[in-house]
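As structure tokens, the structure follows; a few thoughts come after it.
The values are calculated or read from the model by the stated rules, or taken from the named source; none is laboratory data. Worth saying up front: this structure is predicted, and the values here are computed from it rather than measured. Cβ: placed from backbone, ideal geometry, glycine included. Neighbour counts: every protein chain shown. Only protein heavy atoms, including side chains, enter the accessible area calculation; ligands, DNA and RNA are left aside. Shrake-Rupley method; radii C 1.70, N 1.55, O 1.52, S 1.80 Å.
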Amino acid sequence: AQDQHGREGDRASGVEAPRVTVACAGRSGSRFLVRILRGAGLNVGHEAWHTVHGVTGQAGGLDVDVSWMATHREPAGHVFYQHREPQAVISSYAHVPANGGYEQEQLRHIRWSDNPLQRAVRWWVSCSRRARDRGWGTWKVEKLSPVQVQAVAGAAGVGVSVPHAERAITGVSERTNRHNRAGLVPWPEILEQADDAAELEWLVSLAGYQGP
């Protein structure tokens, strides 16, 4: 059987992987992006295929899955990576209450630290390094453009015009993309927790940002 976009497979079986994965470090505007892509007409999951339990196969037939848990796995389909201002991401992670999902992923992929800020820095570096090494197409969520939305849709085999993509972006409140109610951690404190401050600053620059 074919779905509405001509893809082979039974959508009800829950075994067809997404054509596109958008990975990130977490705390990086994934919910914001999901709402935009849905507004553009795509069938989008949020941590639906790539989950804390691995690839569950319980969300087949998606055009796109947006998930921070895809970053350290073998993501399905064409892969993009969404950056968000590193100070904001690291600060947000440093203030996240300990929970099983975040800790489980961090225990698997970084050297553990009981210091939440050091752990947040290591996690951001690990995710950014992986995106760099894999050569994934990247963008900054703060500068998300209609052309990038169109590229994601095109990789999923869905035609979306630039004006349609622009309407999808403007139709989502920027408040969806805000974290850090506890405030930003000063950049010098972040650098102090880096195992390699030079690498951290290089990755920040590579992502298109500058440390304060």
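Fully extending the segment from ALA197 to ARG31, taken as 0.36 nm per residue of separation minus the present Cα-Cα distance, adds 56.8 nm.
Could you do me a favour and compute the accessible area per residue for segment 115-210, 1.4 Å probe, result in Å²? Don't jump to the answer; show the numbers that get you there.
Numbers: 5100 Å² over 96 residues.
With the other protein chains kept in place, segment 115-210 gives 53 Å² per residue.
Here the calculated FRET efficiency for HIS53 and ARG134, from their Cβ-Cβ distance with R0 = 35 Å, stands at 0.95, rounded to the nearest 0.05.
For the peptides 75-85, 23-33, the ranking by mean Cβ contacts within 10 Å, running from highest to lowest, is 23-33, 75-85.
Between beta-carbons, use under 13 Å as the cut-off and find the net charge around VAL152, counting Lys and Arg +1, Asp and Glu -1. Working shown, then result.
Values: positive: ARG19, ARG38; negative: ASP63, ASP65.
Once positives and negatives cancel, what remains is 0.
Backbone N atoms of segment 63-86 closer than 14 Å to the 7 Å Cα→Cβ label point of ARG167 are not found in any residue.
For segment 13-150, the share of accessible area belonging to carbon and sulfur comes to 47 percent (1.4 Å probe, ligands and nucleic acids excluded). Taking every DSSP beta bridge that has both residues in segment 45-146, what percent is antiparallel when rounded to the nearest 5? Looking only at bridges with both residues in segment 45-146, the antiparallel portion is about 25 percent.
Extent along the principal axes, Cα only, for segment 62-168: 47, 26, 24 Å, with the longest axis given first. With K and R counted +1 and D and E -1, the other residues having a Cβ less than 14 Å from that of HIS50 yield a net charge of 0.
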